[in-house]
Structure formats: C-alpha cells, structure tokens
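Before any comments, here is the structure.
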Amino acid sequence: MKEETLAITGMSCMHCAAAVRRALELPGLTALEVTIGSARVKYDENMISRTQIVAAIEETGYHVV
C-alpha cells in the first residue's frame, strides 16, 4: 500500500472536498483525509494507479498539482 498527499487546486469549500471524497470511492483506494486543497490517500498500486486517482479528481473539475 502506498500513501500519498495530493495538492488540489480549485477547491473553495467543504462541498468541493465532499465532491473529491466521492470521486475517490474507487476499488483499491482509501481516502484518509480530504480537505480544501488536498487529499491524503492510501492505495494498492496493483489495483489502481496514481494516474487513475488524478483522473478521478480532475473529472470533478479540480486540478492536481
């Protein structure tokens, strides 16, 4: 399992954080903490890649830096 903190731009409220948390409900991924501007995740690299995680976040309209 790999743990990583992702910096996210474009989030301005707790509704934004909730949208990102919902986007991170993926097999092999646990959202440990989602706050305005970041998400701390733990994931199984055999089940999901960082690229897939970033894509899920960016599909909600935010940008991972």
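Only the coordinates and a few stated rules stand behind these numbers; no lab work does. It should be emphasised that the depicted structure is a prediction, and the values quoted were computed from it without experimental measurement. Counting neighbours? That spans all protein chains shown, and the Cβs are built from the backbone with ideal geometry, glycine included.
Does Glu59 satisfy the criteria of being touching a helix residue (DSSP H, G or I) at 6+ places or on another chain (Cβ under 8 Å) and acidic (Asp, Glu)?
So Glu59 passes the test.
Among the residues of region 48-65, which ones are assigned to a strand (DSSP E or B) and loosely packed, with under 15 Cβ neighbours inside 10 Å? So that I can check it myself, show each step before the final result.
Filtering region 48-65 for residues assigned to a strand (DSSP E or B) gives 63-64.
His63 - this is the single residue of region 48-65 that is assigned to a strand (DSSP E or B) and loosely packed, with under 15 Cβ neighbours inside 10 Å.
Looking at region 10-42, which of its residues are in contact with a helix residue (DSSP H, G or I) (Cβ under 7 Å, 6 or more places away or on another chain) and not in a strand (DSSP E or B)?
The answer is Met11, Val20, Ala23, Leu24, Leu26, Ile36.
Quick check: is even one residue across region 13-30 loosely packed, with under 12 Cβ neighbours inside 10 Å and touching a strand residue (DSSP E or B) at 6+ places or on another chain (Cβ under 6 Å)?
No: zero hits.
What is the one condition in (1) part of a loop (DSSP other than H, G, I, E, B); (2) without any contact (Cβ under 8 Å) to a residue 24 or more places away in the chain that Glu45 does not satisfy?
The number of the failed condition is (2).
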